[in-house]
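Structure record follows, encoded as structure tokens.
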Amino acid sequence: MKEEEVLNLAKKFEFNANEAFPLKDEASGREYWRISSETESKILCYLNPTKGNHRDFIKISESLLANNVDAVKVFHHDEEMGVTIQEDLGDEDLIKIFNDDNKDSLIKKSLDLLVSIQQSNIEKISKFSIEELRNQMNLFKASFCKDFLNIDPDKSLDRLIDSVCSNIQNQSWKNCHFDFERRNLILNKHGTISVIDYQDMRIGPIGIDLSGILVDHYYPYEENNVKEYLCYYADISGTKDISYLFEALKWGCIQRNLRILGTLTDLYVSQNRNFRLKDLPLILENTIAISSDENFITDFFEEILHALKLKMSSL
């Protein structure tokens, strides 16, 4: 959308904004704009109604807020127009403000928030099926390997996906944000962390969200560092078995990373969107690192990492 269109939409909701500027782009196709008057600002979110709606986001927002979780207040919604007017939580997302001095505090606050989300009572939230989680990983084979890199997947990749499905099925399942990473966490004016972009929340394996915050897409994977924070999570969640938590995180991470690698390259191949394309090498490198004890996949992953680096250098 253009700024004039956004301002006109804001006026239809009786918010007389005098300026609007775009915020982050999302793989979901949602557009976020900050709309500002002389006294306040809010967020306008637009999603083409032919591509989806805001119902789940609103329902989950209401449930999280009722459970005292720092989430987003929705002031107005028009389903036909595909618009919500939301609370403006500010610009201090954890990607922007993260540094060596505040890293420890912010990660622990994020884990506190994750436990609160996992323990919240969210009505009528659906549950992922193993087949859904498998199909998400199969996008890695189809879009990332075949379409993007022009490489035929090795049979070891099927064995890895089978192992992921087997292991995540047997771990604890709770409310799962499904993209619980620093991009979607904001340090608010109260000094606590608010969560955003939870429209895809379902009941899912705990390892997916744990890996989202502890196996960062913007830092190399460090096992000892991850295990230290798992100890903190164990204390606040009441799950004391660190080896169990690490296995849950590992298999959740592989599922999450294969899904994201497939999704981002599918956006590029099918829609020519280069959204976060630059993140691909480190996501793949972290996937290789955390799955290094699964020896049967090492050679194939190293092959595609080499092909990926060549591909990225040509873009």
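The values are calculated or read from the model by the stated rules, or taken from the named source; none is laboratory data. None of these values were measured; they are calculated from a predicted model. FYI the Cβ positions are ideal-geometry reconstructions off the backbone, even for glycines, and counts take in every protein chain you see. Ligands, DNA and RNA are excluded from the accessible area calculation, which covers all protein heavy atoms including side chains. Shrake-Rupley method; radii C 1.70, N 1.55, O 1.52, S 1.80 Å.
Amide hydrogen proximity for Cys176: with H placed 1.01 Å from N in the peptide plane, the residues at 5 or more positions away or on another chain lying under 5 Å are Arg202, Ile203, Gly204. In degrees between 0 and 90, to the nearest 10, how far off the longest principal axis of the chain does helix 55-66 point, with axes built from Cα atoms? Computed tilt is about 90 degrees.
Sorting the segments 258-264, 166-172 by their mean number of nearby beta carbons within 10 angstrom, highest to lowest, gives 258-264, 166-172. Would you check the accessible area of Lys141, probe 1.4 Å, heavy atoms only, in square angstrom rounded to 10? Here the accessible area works out near 50 Å². Taking all protein chains as they are arranged and a probe of 1.4 Å, the heavy atoms of Met201 leave approximately 10 Å² accessible to solvent.
Inter-part distance, the range 83-152 to the range 161-205, computed on C-alpha centroids, equals 5 Å. Database remark: amide H of Leu149 closer than 5 angstrom to no amide H (H placed geometrically; neighbours at sequence offset of 5 or more, or on other chains; Pro and chain starts carry no H). Fraction of C-alpha pairs exceeding 18 angstrom in the range 9-53: 32 percent, rounded to a whole number.
Dipole of the chain computed with +1 at Lys/Arg Cβ and -1 at Asp/Glu Cβ about the Cα centre; of Ile130, Ser61, Ser105, farthest Cα towards the positive end is Ile130.
Over the residues of the chain, the helix contribution to mean residue ellipticity at 222 nm works out to -15000 deg cm²/dmol, using -39500 (n - 2.57) for each DSSP H run of at least 4. Among residues other than Glu294 with Cβ under 10 Å from its Cβ, the summed charge is +1 (Lys and Arg +1, Asp and Glu -1). Look at the alpha carbon pairs under 8 Å that are at least 6 residues apart: their mean separation over the length of the chain gives a relative contact order of 17 percent. The residues of the range 20-164 expose, per residue, 50 Å² of accessible area to a 1.4 Å probe.
Carbon and sulfur atoms: what percent of the 1.4 Å accessible area of the chain do they account for? With neighbouring chains kept in place, the figure for the chain is 44 percent. Each Lys and Arg adds +1 at its Cβ and each Asp and Glu adds -1 at its Cβ; summed about the Cα centre, the range 5-163 shows a dipole of about 480 debye. Here the chain is treated with +1 on each Lys and Arg Cβ and -1 on each Asp and Glu Cβ, and its dipole about the Cα centre works out to around 420 debye.
Percent of Cα pairs in the range 209-260 per distance bin of 5 Å, from zero to the largest separation: 5, 21, 33, 25, 11, 5. For the peptides 119-126, 16-23, 176-183, 208-215, the ranking by mean Cβ contacts within 10 Å, running from highest to lowest, is 208-215, 176-183, 16-23, 119-126. In order along the range 238-246, phi translates into HN-Hα couplings of x, 9, 8, 7, 5, 5, 5, 4, 5 Hz, rounded to whole numbers, per the Karplus curve 6.51 cos²θ - 1.76 cosθ + 1.60 with θ = phi - 60° and x for Gly and Pro. Just the Cα atoms of the range 89-193, one point each, no solvent: what log10 I(q)/I(0) does Debye give at q = 0.10, 0.14, 0.15 Å⁻¹? Scattering profile of the range 89-193, log10 relative to I(0): -0.46, -0.81, -0.88. As a ratio to 2.2 N^0.38 Å, the alpha-carbon radius of gyration for the chain is 1.02.
Amide H contacts of His76: Ile85, each under 5 Å away and 5 or more positions distant or on a separate chain (H built 1.01 Å from N in the peptide plane; Pro and chain starts excluded). Just checking the listed ones, Gln118, Gln271, Gln86: in the Gaussian network model of the chain with Cα springs under 10 Å, the one fluctuating most is Gln271.
For the range 175-286, the spread of Cα positions along the three principal axes, ordered from largest to smallest, is 45, 34, 26 Å.
How many angstrom separate the Cα center of the range 279-295 from the Cα center of the range 1-41? Centre-to-centre (Cα) distance: 38 Å.
The charge dipole of the range 218-296, taken about its Cα centre with unit charges on the Cβ atoms of Lys, Arg (+1), Asp and Glu (-1) only, comes to about 420 debye. Here the Karplus curve 6.51 cos²θ - 1.76 cosθ + 1.60, taken at θ = phi - 60°, turns the phi angles of the range 303-314 into couplings of 5, 6, 5, 4, 5, 5, 5, 5, 4, 5, 5, 8 Hz, with x standing for Gly and Pro. Counting only protein chain heavy atoms and rolling a 1.4 Å probe, the accessible areas of Glu222, Glu31, Glu14 rank, largest first, as Glu14, Glu222, Glu31. Net charge of the neighbourhood of Asn48, taken over other residues with C-beta under 11 Å away and scored Lys/Arg +1, Asp/Glu -1, is +1.
Thr84 exposes around 0 Å² of accessible area when a 1.4 Å probe is run over every protein chain in place.
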